[in-house]
Amino acid sequence: MQKDLPPAPSNGSSGTARADHLLIAEMVEPGSRVIDVGCGDGALLQLLAARKAVDGRGIEIAPDRVKACVAHGLSVIMGDADRDLVDYPDQAFDYAILSLTIQATHEPRTVLDNLLRIGRQAIVSFPNFGHWRVRAQLLLTGRMPMTEALPEPWYATPDAHHCTIKDFVGLVRLVDAEVAEAVAFSSKGQRLPIKTSLSLQNLFGEKAVFRLARRKRRVQ
Amino acid sequence: MSVNWSIAAEGQGGSPGTADARLNEVHNPSSPVVHFPASEPLRLDCEQDLAPFSVAYQTYGTLNAGKSNAILVCHALTGDQHVANKHPVTGKDGWWETLIGPGKPIDTNRFFVICPNILGGCMGSTGPASLNPRTGKPYGLDFPVITIRDMVRAQVRLVDHLGIRELFSIIGGSMGGMLVLEWAAEYKDRVYTAVPIATAATHSAQNIAFHEVGRQAVMADPDWCEGKYIERGKRPARGLAVARMAAHITYLSEKALQDKFGRGLQDRQARSFSFDADFKIESYLRYQGSTFVDRFDANSYLYITRAMDYFDLEAEHGGKLANAFHGTRTQFCIVSFTSDWLYPTRDNKQIVKALNAVAANVSFVEIESDNGHDAFLLDEPEFFDTMRGFYNAAALKRGLGPAREQA
């Protein structure tokens with residue numbers, strides 16, 4: 001489906017957009033207000049500005065990357081998901097995006113809660129610890145797995161809270177949210193068929209992107 | 001006071017002619033001056049009118065035909081309009097020549113830079129050393145107590161006089177940053193981008209405390225003469241020097257002091273068992289104090305520190321800082337420095353938070369530096385890179401072309 005999109009914008013960095021960025025871009029309505037938490041050098045924000053004309057903001061922890069964003073004309077503040085989301089007012093954005101970052105936060109539950117507070121919807125992507133290769137490595141070698149999606153050894157990774165797709169769905173329920181859209185995909189961006197069951201997504205998806213919204217309160 | 005100095009060899013000592021040169025800058029500055037006549041008074045926050053009044057300023061670069069490339073630079077407490085040229089009194093380089101000039105991050109081949117001396121200053125804009133038209137003598141303590149907002153009002157008059165409707169940018173550090181915030185809050189449609197650096201939206205108790213120490217030092221000097229020292233032919237040099245020494249400590253970080261001076265002795269092998277400047281740090285501070293009094297007016301120091309103490313943008317807007325920026329379309333870039341304990345990152349982030357609350361376009365960077373509050377005036381490559389990137393991107397958005405080729 002992403003093949004139908006126009007070519008990636010020439011943003012000075014790379015010619016091709018990251019697979020999960022393309023999936024996220026598909027989920028975002030044109031002209032919306034977006035915050036990208038952990039926005040790196042601003043590649044996703046630039047992609048969203050070029051293809052979806054969003055009004056974008058970013059948060060990034062590394063000063064060099066903040067500087068790169070500023071030089072691209074993006075509005076990005078130096079900060080991190082654990083400490084700085086609390087400073088944003090409720091429903092400030094249409095989408096609060098956290099791509100491949102939640103596993104590196106100190107308090108994923110609070111972070112997810114805040115994403116759903118400051119955004120009408122949250123879009124979260126993460127590496128799936130339930131992928132068969134991860135399971136197989138742990139089972140067969142008895143060591144922490146290292147895969148394309150999880151490239152660093154346990155002592156060097158910034159990731160503190162790995163989870164599987166099933167675990168994440170559990171957290172979504174816990175923060176009183178519901179899944180509006182979920183896509184599991186390979187590291188190369190190949191998405192699993194939509195109809196695949198949760199268990200199979202959890203087994204064959206190397207990464208996943210979820211679009212979430214607060215559960216609507218039922219009127220008694 | 002005998003000054004024992006050898007560390008900053010680039011500094012020039014207090015030559016006897018400099019006091020006269022400084023007073024001359026009050027009345028006949030070497031900068032262009034706009035005189036606003038008595039018929040165009042400046043209404044002040046204290047509900048007095050200041051009239052007539054003057055604003056001295058420097059400009060660099062060329063204003064384009066659309067008048068869309070002007071950057072207003074706001075100086076700090078003891079700065080002045082000589083931001084990118086040799087200082088007429090001290091002969092030193094401009095205080096932000098590292099940032100502003102041809103090919104610099106604020107490229108004067110591309111932008112038209114305006115730097116006014118603030119109201120209350122002593123380099124040609126009306127201040128307490130200026131002549132009071134009612135008495136024909138220097139104002140002294142008859143000068144009204146002014147605020148940051150009053151300083152901004154005077155700058156607005158200058159910008160109007162130059163025929164500029166919208167500033168491409170307004171930038172300043174420390175007190176200069178307060179002026180930037182006040183401009184951005186009060187004149188939202190006249191500020192395309194705003195860059196407050198190492199500053200705060202409300203002056204803290206600690207900062208008021210340091211200022212009070214400085215003011216008391218000035219006023220304790222018998223040569224201050226209840227503010228009438230100019231007409232009495234005196235100069236509260238010792239009081240003002242002590243004020244500067246105390247303030248100077250707040251501009252540096254503990255680490256910078258330790259690294260630069262440690263317990264090093266000044267021009268001697270052993271302690272003298274006296275109250276001479278045995279230590280390098282003592283000598284350094286005495287030197288900073290003595291050169292400062294050659295270029296600054298003691299009453300100006302009182303008035304400007306007071307204006308900073310009174311600064312509370314939050315209180316000006318009903319106790320909620322975000323209200324100050326409601327409806328803003330200005331692009332902000334806020335910068336703080338890790339070792340700045342006078343205007344710490346925390347204070348700068350309060351501004352970021354308020355801007356986020358009104359969905360403003362704001363970027364924020366904290367620059368890693370050991371240089372304390374002074375960092376914004378020093379060679380900080382990360383800071384310069386950030387500024388260059390920000391201004392390039394903003395100029396493109398504003399439709400400003402690349403830098404003119406110089407003939």
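All of the numbers you see were taken from the coordinates with simple rules; none came from a lab. What you see is a predicted model; the values in this text were computed from it and never measured. Counting neighbours? That spans all protein chains shown, and the Cβs are built from the backbone with ideal geometry, glycine included.
Structure above, values below:
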| quantity | calculated |
| --- | --- |
| Test item: Cα-centred dipole of chain A, Lys/Arg +1 and Asp/Glu -1 on Cβ, debye | 760 |
| Percent breakdown of C-alpha pair distances by 10 Å bin, ordered from the shortest bin, for segment B:306-370 | 21, 46, 31, 3 |
| Spin-label model distance (nm) - B:LYS255 vs B:LYS86, 7 Å beyond Cα toward Cβ | 3.7 |
| Within chain B: Cβ-based charge dipole about Cα centre, in debye rounded to nearest 20 (Lys, Arg +1; Asp, Glu -1) | 460 |
| Rg(Cα) / (2.2 N^0.38 Å) computed for chain A, rounded to two decimals | 0.99 |
| Segment B:18-397 - convex hull of alpha carbons, volume per residue in Å³ | 139 |
| Computed helical MRE - 222 nm, chain A, DSSP H runs ≥ 4 contributing -39500 (n - 2.57), nearest 500 | -9000 deg cm²/dmol |
| Between segment B:68-141 and segment A:62-127, the alpha-carbon center distance in angstrom | 41 |
| Of the trypsin sites (Lys or Arg not before Pro) in segment B:290-325, those whose Cβ has at most 13 other Cβ within 10 Å and which sit in DSSP loop | B:LYS320 |
| Max mean-square fluctuation residue, GNM over chain A, Cα-Cα springs under 10 Å, options A:LEU115, A:LEU200, A:LEU98 | A:LEU200 |
| Top positive-direction residue, dipole computed over segment B:18-397 with Cβ charges, set B:GLN216, B:VAL365, B:PRO116 | B:PRO116 |
| Translational D in µm²/s for segment A:157-196 (Stokes-Einstein at 20 °C, 1.002 mPa s, Kirkwood Rh from C-alpha pairs) | 178 |
| Most mobile of A:ALA208, A:ALA136, A:ALA122 in a GNM of chain A (Cα contacts under 10 Å) | A:ALA136 |
| Antiparallel bridge percentage (DSSP; both residues within the protein assembly as shown; nearest 5) | 40 |
| Computed log₁₀ I(q)/I(0) - Debye formula, equal Cα scatterers, no solvent, the protein assembly as shown, q 0.07 Å⁻¹ | -0.53 |
| Dipole of segment B:18-397, positive end: most advanced residue of B:TYR303, B:GLY327, B:PRO133 [Cβ charges, Cα centre] | B:PRO133 |
| Binned Cα-Cα distances of segment B:150-269, short to long, each 10 Å bin given as a whole percent | 11, 25, 26, 26, 9, 2, 0 |
| Total charge dipole magnitude, segment A:164-210, about the Cα centre, Cβ charges on Lys, Arg, Asp, Glu only, Debye to nearest 20 | 220 |
| Intensity falloff of segment B:218-279 expressed as log10 I(q)/I(0), Debye formula with alpha-carbon point scatterers, at q = 0.12, 0.15, 0.16, 0.26 Å⁻¹ | -0.49, -0.68, -0.73, -1.01 |
| Kirkwood-type radius of segment B:344-389, with distances r between different C-alpha atoms, in Å | 11.9 |
